[in-house]
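Where a number appears in this text, it was derived from the coordinates with a stated rule and is not lab data. Quick caveat: nothing in here was measured; it's all calculated off a predicted structure. Note that we place each Cβ from the backbone using ideal geometry, even for glycine, and neighbour counts take in every protein chain shown.
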Amino acid sequence: MLSRRNFLAASIAVGAAPWVCARTDDAAPTVLRLERRDIEVNGKSASVFCIRQPDGIFGITTDVGKPFRVRVENHIEEPSLIHWHGLTPPWQQDGVQDVSGPAIPSAGSAGYDFPLRRGGTYWMHSHYGLQEQLSLSAPLIIRDGSENPSQQEVVVMLADFSFTTPDQILAQLQSRQSDDMRGMEMHGTEMPAIKSVPDLNDVQYDAFLANSRTLADPEVVKVEPGGRVRLRIVNASSMSAYHIDLGQLEGDLIAVDGIRVQPVRGHNFPITVAQRLDIELTIPEIAAAYPVLALLEGERRQTGIVLLAGKGQVTGISGMAEAASPPLTLGLERSLRAAEPLVDRKVDRAHVVNLTGSMQGYRWSINNVAWTKDVPPLMVAEGERVELVIINQTMMPHPMHLHGHSFQVVAIDGHRFVGAVRDTVLVPPKTTVTVVFDADNPGWWAFHCHLLYHQHAGMFATLRYD
Ligand SMILES: [Cu+2]
């Protein structure tokens, strides 16, 4: 009889070579090609990446219960690796550079095959270098049978765009002179006229995109007057958080990060980097254009799409809102309640995770350690209920993402509640957010800030168990 350890080792060995597709009996894998493509932004052509099937469909829509059987073909000029954000694969198929496995070389490919545990709105993105900034991302939608056939589904992918290369953006961030420094122990009166606390938007982007377009030429989706629509909004931005503004429409937020919550009605919902919102709407009977906008936090800039009901007219929508939107808060997070909370049980192990760093030299870290492969992982053991107490000591907000698991938000600044189950949570400056998860997916997993340049600078940790 196999010992438990041997059994685990055997399972891992099977999963350890995701690029070898052993099955020949079942359906052929869905092919996802990493490619270059040109888009037009602000009247200029720009070369970005994309993830699409040979027939041109971006990303993948599939069903829970089917295996996630995919072949990624790398048609770009550099190595890459794609992470299935929010899914719970065997860890070797998680697609994280330096952690999960080798990168896919240019002209190479890799196979993935694992069961899908639940439906929802997920996404995929490069976890290699700074490729995510060049839109190497796509929707990953898993239907679970709860979809209403009479309800139209609209996916909205938000992105921030710069004509400056990601490497140059990083270099600029790292080379900022100290008199440009914002936040940390400094105060507004000593600052040149830059920003007041908290520090937001430390990259100045050229455009904000919704489904690869700006509001100068937005995507227009035809909808039925009186019809039902489910928005699946994905914030695929590298560094930018938004307030979703439904304008005159009112919606029911039914899921966050793909996982059901008790519905919350409203017309304004915050979404930080890497999060997803599923919002159900009823379109009014009146033929008209109904914009769905995303306002950059702390600024007037906005992007979005237009829902066009009947013969309504789409008139020009400014890329600038009338007033700056406020910084994101945890107001909504505090009120969210999971539709299916984690079972109530005592915490077996807690880790304190201090988010640390400095704008000076753009150093970001966890517990004052900038990640390298040699940094020891946070230890947990299989079967434990684990609590992460995330303390943001900096003056920047950090969206924290755990791979391979969903966590439940259970406290904000020590105030306990039974919050949403999700995979990415905003931790505002000088705030403590506590999450719990069950260690039910052994392996080596990333836990990091999803602001791309923070992660790259070292605000990244791992946890490991077998
Ligand atoms: Cu961060």
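In sequence order, what are the phi-derived ³J(HN,Hα) couplings for the range 415-425 according to the Karplus relation 6.51 cos²θ - 1.76 cosθ + 1.60 with θ = phi - 60°, rounded to whole Hz, with x for glycine and proline?
Karplus values, whole Hz, x for Gly and Pro: 7, 7, 7, 9, x, 5, 8, 7, 10, 9, 10.
Amide H neighbours of Leu32 under 5 Å, at least 5 residues apart or on other chains, H built in the peptide plane: list them.
Sorted by chain and number, the residues that satisfy this are Arg71, Val72, Glu73.
Of Met459, Trp91, Gln360, which is farthest along the charge dipole of the chain in the positive direction, counting Lys and Arg as +1 and Asp and Glu as -1 at C-beta?
The residue sitting most towards the positive pole is Trp91.
Under 24 Å between alpha carbons, and skipping anything fewer than 8 positions from Lys311 in its own chain: which lysines qualify?
Once the sequence-local lysines are set aside, what remains near Lys311 is Lys222.
Excluding Arg349 itself, what net charge comes from residues whose Cβ is under 12 Å from its Cβ, given Lys and Arg +1 and Asp and Glu -1?
-3
For the chain, what is the calculated [θ] at 222 nm in deg cm²/dmol (nearest 500), taking -39500 (n - 2.57) for each run of four or more DSSP H residues and dividing by its residue count?
Calculated mean residue ellipticity at 222 nm is -2000 deg cm²/dmol.
Going by a ≥ b ≥ c, the root eigenvalues of the Cα gyration tensor, does the chain fall in the rounded group (a/c under 1.5), the prolate group (a/b larger than b/c) or the oblate group?
On the way: a/c = 1.32, a/b = 1.11, b/c = 1.19.
It comes out rounded by the Cα gyration axes.
Students often forget the sequence filter, so: which aspartates and glutamates lie under 14 Å Cα-Cα from Lys430 once same-chain residues fewer than 8 apart are removed?
Glu185, Asp199, Asp413
Can you give me the distance in nm between label points at Arg464 and Arg416, each placed 7 Å from the Cα along the Cα-to-Cβ direction?
Spacing of the two 7 Å Cα→Cβ label points: 3.3 nm.
Which percentage, to the nearest 5, of the DSSP beta bridges contained in the chain is antiparallel? Please report the intermediate quantities before stating the final value.
Numbers: 101 of 133 bridges.
So the antiparallel bridges amount to about 75 percent of the total.
Just to be sure I understand the model, the point goes 7 Å from the Cα along the line to the Cβ. What's the resulting Arg228 to Asp63 distance in nm?
1.9 nm
For Leu293, Leu307, which order do you get if you count the other beta carbons within 10 Å of each Cβ and list the fewest first? Walk me through the numbers before you get to the answer.
Numbers: Leu293 22, Leu307 27.
Exposure proxy ranking, most exposed first: Leu293, Leu307.
Rounded to the nearest 20 debye, what is the charge dipole size of the chain about its Cα centre when +1 sits on each Lys and Arg Cβ and -1 on each Asp and Glu Cβ?
580 debye
Suppose R0 equals 60 Å. What FRET efficiency, 1/(1 + (r/R0)^6) with r the Cβ-Cβ distance, do Glu384 and Thr315 give to the nearest 0.05?
0.60
For the range 207-346, what does the alpha-carbon gyration tensor say about shape, rounded, prolate or oblate, given a ≥ b ≥ c as the root eigenvalues, a/c under 1.5 as rounded, and a/b over b/c as prolate?
Values: a/c = 2.18, a/b = 1.35, b/c = 1.61.
Oblate.
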